[in-house]
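Structure first, commentary second.
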Amino acid sequence: MPSTINFYSELPYIQNLDEISDNSKFGELPEDWVIIITDIKGSTTAIENGKYREVNMIGAAVIAAVKNCLDSYDFPFVFGGDGATLIVHKDTLDDVLSVLYGLKDHSSEVYGLELRVGYIHYEEVLKAGSVVLVSKIKYSDFFFQAVFKGGGLEIAEKLIKSNSLIMSRLERPSTANLTGLECRWEDVKPPSGEIVALLVKAVSGTLLEGEVYGKVLLFLEELENKQGEFHPIADAKLKLTLSLNRYINETKARVMPPTLLKKIVYFLNIIFAVFAGKILMALNISTNQTNWGEYKKYLQINTDYQKFDEMLRMVINLKKESRIKLESFLDDLYKKGHIVYGIHISEKALLTCLVSKYEKDHIHFVDAAGGGYALAASKMKAQIKTIDLNSIL
C-alpha cells in the first residue's frame, strides 16, 4: 500500500466557510493517520484565576511543537484556545508523542498547568462507524486552515476519554522545539464594537447540517453586510507590547530547560526584538527578513479567526447591537433543537503567534481575551447536557 503521508498537502482547498456543505471539496482521512486531541485540565478554573494567557500559550505551543517536529510534512490542525486537535501520519506518531509529552512536562513545571494528550488511530474511529472528512481554507500562500466534518472527531474524543490507557500511556518525552512561538502584540481593541468568541454546533434532527450552518453564516453576513467586516484584527490598532509580564510569559514557554541565565538572555532578546520591530515597521524598512512595512498586513491575512472542526468556531468583531441580535437568533435555533452554542464577549482580542519566517510565513492564533473559546465551550457544554437530559426524559 503506497504511503499517504502527503494526503493533506495534496488536498484541494476551499475559499471560504460557505463551501463546507459541498462534500466534493473534502477528502476522507486515510486509515493510516492518527487523531491527537490535547487540552488543559481545569482550563476554566485556570482562566478564572487569571491564567488565560498561559492557557492560550500552551494551546498554541502544541501546534508549534508538532510543526517543528515534522518540519517538511504538512498536517491538519485546529487551535481551540486551551488546546489543539491535530492529525498526523502514523509513521510520525512516535516522534510527535515524544515532543508532546516533553511539552506536557514543561507546561506542568513552568506554568503549573496539566496538558492532557490523547490519541487514537483513525481505523478505530472507522470501526466505531464514523468518518473524518478533511478540507482546508486558503488564507494565503503560507497559511491553510484545516476544516473537518463527518462526526469522526467527536467520536475520537469520546473514545479517547473513555479509554484511560490511551490517555495515560507514558511516552519517552523529549524537549519540544518551540522555535517561532511568540506573544509580542498588545491585545487588540477594535475601533468600535466587541470581540466575540463564538462556537456553534448543529444537532438538528430535522434540518441537514449544511442547512443549519448555512443559516448561521447567512445571518452573520446580513448582520454586517459582508464577512470581511467581522475580522477582529484592525491594522491601525496593532501595537507591539511593552508589557514585561508578556515577555515573561513567552520566556517561560520558550526556555527549556528553564535555567536562570537562559531566561535572562531570552528576555533581553525579546526587548531588543520589540524595539527593533517598532522602528522597522514605523519607518517601513525592508531587510533580508521581510518588508517590515507590510508585516501587519500579512499578520491580519494569516489570522485564524474563522474555522470549522465539526462545529463553527469564530472570533469576530461585532457591534453590541449586532451581537444582541446574533444571540437572539442563535437562542431561537437552540430552543428549536437545531444547535447548541457558546459565546464569550470581550473588549479585546488576544494574539499568539507562530512565526516560521517573517517574510509572510507566519500564523496568528486569535482568541477573545479573558477566556475566549474555553469559556464559550463551557457554555456550549452546559447546553449539550440539557439536550441529553431532555432526550432521556
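Please treat every number below as a calculation from the coordinates, not as lab data. Fair warning: this is a prediction, and the values are worked out from it, not measured in the lab. Note: ideal-geometry Cβ built from the backbone for every residue, glycine included; neighbour counts use all protein chains shown.
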Quick calc, F142 & E221: beta-carbon distance into FRET formula, R0 30 Å, rounding 0.05, result 0.70
Region 17-178, relative contact order [Cα under 8 Å, separation at least 6], %: 31 percent
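Using unit Cβ charges (K, R positive; D, E negative) and no other charged atoms, how large, in debye to the nearest 20, is the dipole of the chain about its Cα centre? It would help to have the intermediate numbers written out before the result.
On the way: 45 positive and 50 negative charges, 244 e Å.
So the magnitude is around 1180 debye.
Could you order the peptides 81-90, 4-13, 104-113, 55-64 from most to least packed, using the average number of other C-beta atoms within 10 Å per residue?
55-64, 81-90, 104-113, 4-13
Give the percent of DSSP beta bridges with both residues in the chain that are antiparallel, rounded to the nearest 5.
On the way: 56 of 61 bridges.
Antiparallel bridges: around 90 percent, rounded to the nearest 5.
Would you mind giving the three semi-axes, in whole Å and largest first, of the ellipsoid equivalent to region 17-178 according to its Cα gyration tensor? Write out the running numbers ahead of the final one.
Working: eigenvalues 125, 66, 53 Å².
Semi-axes from the Cα gyration tensor: 25, 18, 16 Å.
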Top of F79, F143, F275 by mean-square fluctuation, Gaussian network on the chain, Cα under 10 Å: F275
Using a Cα distance threshold of under 24 Å, what count of lysine pairs results for region 17-178 when pairs must be 8 or more residues apart or interchain? 29
Which of S346, S378, L11 sits closest to the plus end of the dipole of the chain, meaning its Cα is farthest towards the positive end, when Lys and Arg get +1 and Asp and Glu get -1 on the C-beta? S346
Go through 24-34, 288-298 and give me the packing order, highest mean Cβ count within 10 Å leading. 24-34, 288-298
Taking the chain and counting helices only, DSSP H stretches of n ≥ 4 at -39,500 (n - 2.57) each over all residues, the nearest-500 ellipticity at 222 nm comes to -13000 deg cm²/dmol
Which of the listed residues, N23, S174, L70, is farthest toward the dipole's positive end in region 17-178, when Lys, Arg count +1 and Asp, Glu count -1 at the beta-carbon? S174
For region 17-178, with +1 on Lys and Arg beta carbons and -1 on Asp and Glu, the positive-most of N56, T92, S135 along the dipole: N56
Where the Cα pairs of region 307-371 fall when distances are cut into 10 Å bins, in %: 17, 38, 29, 12, 3
Find out how many positive minus negative residues lie around V315, taking Lys and Arg as positive, Asp and Glu as negative, among other residues whose Cβ is under 10 Å from that of V315. 0
Are there DSSP H segments in the chain that both extend 20 Å or more along their axis (alpha-carbon positions) and score a mean Kyte-Doolittle hydropathy of at least -0.5? List them, or say none. 52-70, 93-111, 209-224, 260-282, 372-392
Relative to the Cα centre, what is the charge dipole magnitude of region 17-178, using +1 at the beta carbon of each Lys and Arg, -1 at the beta carbon of each Asp and Glu, and rounding to the nearest 20 debye? 320 debye
Spin-label point model (7 Å from Cα, Cβ direction): what's the I384 to E186 distance in nm? 3.8 nm
